Each structure stands twice: as C-alpha cells, then as structure tokens.
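I have placed the structure first, in the form of structure tokens, so that the comments after it can refer back to it.
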Amino acid sequence: MATKSLEKLIDEFNRLPGIGRKSATRLAFHVLDMEEFEIERFTKAILEVKENTKRCRICHNFSEEEVCEVCSDEHRNKGIICVVEDTKDIVSLERAKSYRGVYHVLNGKIAPLNGITPDKLNIKSLMERVAAEEISEVILALNPDLEGETTAMYLTKLLKPFGIKVTRIASGIPMGGNIEFSDIATISKAMDGRQEL
C-alpha cells in the first residue's frame, strides 16, 4: 500500500503522456530515493522551463527569446518553410541534420470531430509569412493519417495561388521495414511515392 502522498505523486506521473501506472509507480519510488538537493534541482528545472519558455513570434516554435534559434540563424535558408504539426516534430527533423530551412508550427491538425478547425491552428500566420517573405517552397511535414492528409490538402489549396512550390515529405515503408508486416495504407503510399532509378 502506498501512502496518500505517494499515491498522489503516482497519479501525477500517470497523467503524463506515455507513462503507464507501472512506470508512474517506478518514478514515484525513485523520487523517494532522491536526495533533497536532487529534488530541488528537479522541481526548479520544471518551474524554469514553464516560466522561461514561450512561442517564437515568427514560427511558433518554443523559445526563450522573442525569436527562436532557427529563425534567428543567418545560415538557414529562409526561402523554404517546413510546416509541422508540433514542436516535437522539429526536434526529430533537426536530429536528422538534413534540413537547413526554417519551420512553421501549426499547433495541431484539422480534426473537426475533435473541435479543431483551421481557425484554431497557426494557418493565418503561415499565409502572412508566405505573402510577406520571399518563399520559394513550403514543405508539408504532417503525419500521414486522416487529419494530416486533410490538413495537407487544405494548406495546398491555400498556398497554390502564391505560385510557390508546395511539397510533401515522402511516406511509405521505412528503412529496415518489412513489406510483409506493412499495412495496406503504408504499402499504397510507398507505391504512389515510388521514384525512378
């Protein structure tokens, strides 16, 4: 039996995404084993990230400044905007070290059944950027699910009148993947996105 305060801590950890009851329990017991200075450092880090982090006024990425590191980097190609659903996507794309343009965070995707309509996303600011800046290409790096596809089609329709190149990241069978275990939609995407050798 856990104490009331321990049970409360387990419940709080369990509310975090991807943390099940077992992991939450393990984390809570780990906190009990931590030294006082470690707990202070941990709680201070949580408070500081909440106090110091805001959204970049240009791309809506997380930043501690008015303009994020990517937007303020003079070595980035400002003529190419990669549109992503969430800031977490930027972290993944940056890890690959193959993209040198800038980003635009939508903060979600169109999902009318969940009450997320285009006006609730950062679409207006994207259109303002494309109209005001010298943009040559917009890359839509959205998840290949129904909502991602809907959002991509919607954005393509809005961006086409600007006469710029609108592209979509490839999707299909991943490197190291196995055709035998891929679902129909993945195989279909892989076949549609095939390239000449």
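Just so it is clear, none of the values below were taken in a lab; they were calculated from the coordinates. This structure is a prediction, so every number in the text was calculated from the model and none was measured. Because the Cβ atoms are built from the backbone with ideal geometry, glycine has one as well, and the counts that use them run over all protein chains shown.
So here's what we get for this one:
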{"item": "Partners for residue 124 among lysines (Cα-Cα distance below 24 Å; same-chain residues under 8 apart left out)", "result": "54, 78, 88, 109, 157, 160, 165"}
{"item": "Nearest-ten-degree value, helix 123-132 long axis tilted from longest Cα axis of the chain", "result": "50"}
{"item": "Cα-centre dipole for the chain with unit charges at Cβ (Lys and Arg positive, Asp and Glu negative), debye to 20", "result": "460"}
{"item": "For the stretch 4-52, convex hull volume per residue from C-alpha positions, Å³", "result": "80"}
{"item": "Relative contact order [Cα under 8 Å, 6+ residues apart], the stretch 48-95, whole percent", "result": "21"}
{"item": "Two-decimal Rg to Rh for the stretch 77-191 - Kirkwood Rh, Cα set", "result": "0.98"}
{"item": "Separation between Cα centres of the stretch 148-184 and the stretch 67-93, rounded to whole Å", "result": "19"}
{"item": "Candidates 58, 184, 80, ranked by Gaussian network fluctuation over the chain, Cα under 10 Å, top entry", "result": "184"}
{"item": "Listed residues 15, 55, 129, most fluctuating in the chain (Gaussian network, C-alpha, under 10 Å)", "result": "15"}
{"item": "Listed residue (19, 184, 172) projecting farthest to the positive dipole end of the chain, Cβ model", "result": "184"}
{"item": "Residue-averaged [θ]222 nm for the chain, counting only DSSP H segments that reach four residues, each worth -39500 (n - 2.57)", "result": "-13500 deg cm²/dmol"}
{"item": "Tilt relative to the chain, helix 21-33 - C-alpha long axis, 0 to 90 degrees, to 10", "result": "50"}
{"item": "Nearest-ten-degree value, helix 4-14 long axis tilted from longest Cα axis of the chain", "result": "10"}
{"item": "The chain - Kirkwood radius from inverse mean 1/r over Cα pairs (Å)", "result": "19.9"}
